[in-house]
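The values are calculated or read from the model by the stated rules, or taken from the named source; none is laboratory data. Being a predicted model, the structure only gives us computed values, none of them experimental. Ideal geometry is used to build each Cβ from the backbone, glycine not excepted, and the neighbour counts take in all protein chains shown. Ligands, DNA and RNA are stripped out before the accessible areas are found, and what is left, the full protein with its side chains, is counted by its heavy atoms. Shrake-Rupley method; radii C 1.70, N 1.55, O 1.52, S 1.80 Å.
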Amino acid sequence: MSGHEITTDVVVIGAGPCGLFAAFELGLLDLKCHFIDILDRPGGQCAELYPEKPIYDIPGFPVVTGQQLTDNLMAQIAPFAPEFHFNRMVNSIDKQADGSFRLVTDADEVFHAKVVVIAAGGGSFQPKRPPVEGIEAYENKSVFYSVRRMDDFRDQDVVIVGGGDSALDWTLNLQPIVRSLTLVHRRDAFKAAPASVNKMRELVMEGKINFLQGQIGSLEGENGQLKHVHLATNAGDLSVPATRLLPFFGLTMKLGPVADWGLALNDNTVVVDTEKFETSVPGIFAIGDINAYPGKLKLILSGFHEAALMAQAAKKIIAPNERVVFQYTTSSTKLQKKLGVA
Amino acid sequence: MEIHVTDQAGETHTLEGLEGWRVMEVIRDWGLNIKAECGGALSCATCHVYVGAEWFDVVGAPSAEEEDMLDSVGDVRPNSRLSCQILMSDALDGLQLTLAASAAKD
Ligand SMILES: Cc1cc2nc3c(=O)[nH]c(=O)nc-3n(C[C@H](O)[C@H](O)[C@H](O)COP(=O)(O)OP(=O)(O)OC[C@H]3O[C@@H](n4cnc5c(N)ncnc54)[C@H](O)[C@@H]3O)c2cc1C
Ligand code: FES
């Protein structure tokens, strides 16, 4: 996908609930949007942190789970056919001479947009780095938080840490091609699917992989090339030969590149006004958990309101000469046509 | 009621706790280095603490769900707890805790 260029009205950074609803408000005003999110699916925190948990304060829904809310929002914005670019992080935003913006992702795609909406929530979801001294020096050389190319693990001594589906799935998938594989988990109970756990146990019985109950103590190697992982296990400290380490401790939110975009910030949030929810850079808006203004409440419903007002302001930038008439979706045939119901 | 919290830098702070508050909320409210990303919903494990030896029996062991969540930090010890799952009460007056490295903000 590199070298790919996309031109659109609006790029929304972050497909959490607030970003998703922005596509609805923008769509009613005939503005087309593209979403970019580092996750592999929509929903932001609702989908990643609490898909099964109930939310009780979405107006009109006495109770709705994180995943249901996401699914409903996706259905609600479907008429406007927003496009989604997942598994990508927006690295940079640059204002062009004509006032538009050029965004570049970590997959080297380029987006041109007249308006940018930052709906980055608590920041981008990134793998949790285990608290092991000096681990940074090994990252992307011999420590990886995901498997992008299986070949990087061929004939290597691989240590996988964790007890969830990622840890178990990669244990099973990599086992046939590695030189050795050790699965490390702090206890002999796994959150992963029982079928994978059973397969893993069979491989241990057959002597094809090792399972050690413990945690990473320290790393040994040089110039980013790992040689040994020292483990603290129930049976005392152990050293395991390792040229690759895959820790799977889930995801955490990190502000990430948002901090480098030249926007006025306040304690890891982006400062906006409360009329348009525009940042210190005209044409770049910020809605949802990522923004800051006096009285801000980090609630989904606040983000919905912010999306509606932001959309009006975005329309004025993109179509300055068009008069926007205030209308209800209940009574406006024009709006209903856009929604595909009239 | 008070709790004594040692931060990741080794400094101990005495914090005023309120009945019914989650210990995580007390620590966060006082501005110590705790990420508590999910706000107490048992969905993140970034409120990880070690309970002082003489307090572990009073506080009690984690639930099965909390044990599952503890799998997502790499520095679990036998006295590990997620502080959002501990409610302040008279019985915990004087509680001693240490913030885990994995609870730190970025
Ligand atoms: C356990 C829990 C329970 C909650 N309960 C409630 C509740 O009952 N009621 C309520 O109103 N709120 C609740 N919240 C808060 C609510 O989830 C947030 O307010 C809401 O998710 C914010 O939505 P958002 O769209 O602003 O951002 P998020 O949901 O945080 O989504 C932001 C998205 O942007 C992506 N992103 C960020 N930066 C980049 C980048 N540079 N490139 C690419 N992608 C990027 C992230 O990966 C993420 O997917 C709860 C939160 C948690 C964790
Ligand atoms: S604050 Fe997230 S688990 Fe305690």
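Worth pointing out:
- Exposure ranking of A:166, B:83 by accessible area [1.4 Å probe, largest first]: A:166, B:83
- Region B:36-106, accessible surface, carbon-and-sulfur percent (1.4 angstrom probe): 51
- Partner lysines whose Cα lies under 26 Å from the Cα of residue A:254, excluding those fewer than 8 positions away in the same chain, are identified as A:53, A:95, A:128, A:141, A:191, A:276, A:296, A:298, B:35, B:105.
- Modelled this way, with points 7 Å down the Cα-to-C-beta line, the labels at residue A:67 and residue A:319 are 3.8 nm from one another.
- Applying D = kT/(6 pi eta Rh) to region A:129-249, where Rh is the Kirkwood radius over alpha-carbon pairs, T corresponds to 4 °C and eta to 1.567 mPa s, the Stokes-Einstein value obtained is 92 µm²/s.
- Amide H to amide H, with H built 1.01 Å from N, residue A:157 comes under 5 Å of A:179, A:180, A:243, A:244, counting only residues 5 or more places away or on other chains.
- Percent carbon-and-sulfur accessible area, region A:129-249, ignoring ligands, DNA and RNA, probe 1.4 Å: 45
- Region A:129-249 - share of DSSP beta bridges that are antiparallel (%, nearest 5): 50
- The mean accessible area for residues of chain A, using a 1.4 Å probe and ignoring ligands and nucleic acids, is 47 Å² per residue.
- Legend: residues in region B:68-93 shielded by at least 20 square angstrom of accessible surface upon adding the remaining protein chains to the isolated chain (1.4 Å probe, heavy atoms) are B:68, B:71, B:72, B:74, B:76.
- Summarising the label geometry, the points placed 7 Å from Cα in the beta-carbon direction at residue A:225 and residue A:96 lie 4.5 nm from one another.
- Choice from A:321, A:91, A:268 showing the highest fluctuation, given a GNM over chain A with Cα pairs closer than 10 Å: A:321
- Counting only alpha carbon atoms, the long axis of helix A:194-205 and the longest principal axis of chain A meet at about 20°.
- Mean shadow area of region A:11-85 over all directions, Cα convex hull, nm²: 4.7
- Between 0 and 90 degrees, the angle of helix A:165-174 with respect to the longest Cα principal axis of chain A falls at about 60 degrees.
- Rg followed by Dmax, in Å, when region A:77-200 is reduced to its Cα trace: 19.7, 60
- Counting DSSP beta bridges with both ends in chain B, the antiparallel % (nearest 5): 75
- Listing of region B:29-47 residues, each with accessible area lower by at least 20 Å² in the full protein assembly than in the chain alone (probe 1.4 Å): B:35, B:37, B:41, B:43
- Computed from backbone phi, the HN-Hα couplings of region A:109-119 come to 7, 10, 10, 10, 9, 7, 9, 10, 10, 8, 10 Hz, rounded to whole numbers (Karplus: 6.51 cos²θ - 1.76 cosθ + 1.60, θ = phi - 60°; Gly and Pro given as x).
- Think of each Lys and Arg Cβ as +1 and each Asp and Glu Cβ as -1; about the Cα centre, that makes the dipole of the protein assembly as shown roughly 1380 debye.
- Amide hydrogen neighbours beyond the local backbone of residue A:143, cut-off 5 Å, H modeled: A:245
- Heavy atoms of residue A:4: accessible area, 1.4 Å probe, square angstrom to 10: 70
- Per residue Cα convex hull volume in Å³ - calculated over the protein assembly as shown: 172
- DSSP beta bridges in the protein assembly as shown [antiparallel fraction, %, rounded to 5]: 55
- Here residue B:66 and residue A:199 are evaluated by their C-beta separation; at R0 = 30 Å the FRET efficiency comes out at 0.65.
- Multiplying the residue separation of residue A:305 and residue A:151 by 0.36 nm and subtracting their alpha-carbon distance yields 50.7 nm.
- Take every pair of alpha-carbon atoms less than 8 Å apart whose residues are at least six positions apart; their mean separation over the length of chain B yields a relative contact order of 42 percent.
- C-alpha long axis of helix A:17-28 to longest principal axis of chain A, angle in °: 30
- In region A:104-133, the residues whose accessible area drops by at least 10 square angstrom when the other protein chains are added to the isolated chain are A:128, A:131; the probe is 1.4 Å and only protein heavy atoms count.
- Chains A and B, summed buried accessible surface - 1.4 Å probe, Å², nearest 100: 1600
- Peptides A:107-119, A:209-221 ranked from most to least packed, by the mean per-residue count of other Cβ atoms within 10 Å: A:107-119, A:209-221.
- Rounded accessible area of residue A:106 (nearest 10 Å², 1.4 Å probe): 70
- Kirkwood hydrodynamic radius (C-alpha pairs) into Stokes-Einstein, chain B, 20 °C and 1.002 mPa s, D in µm²/s: 161
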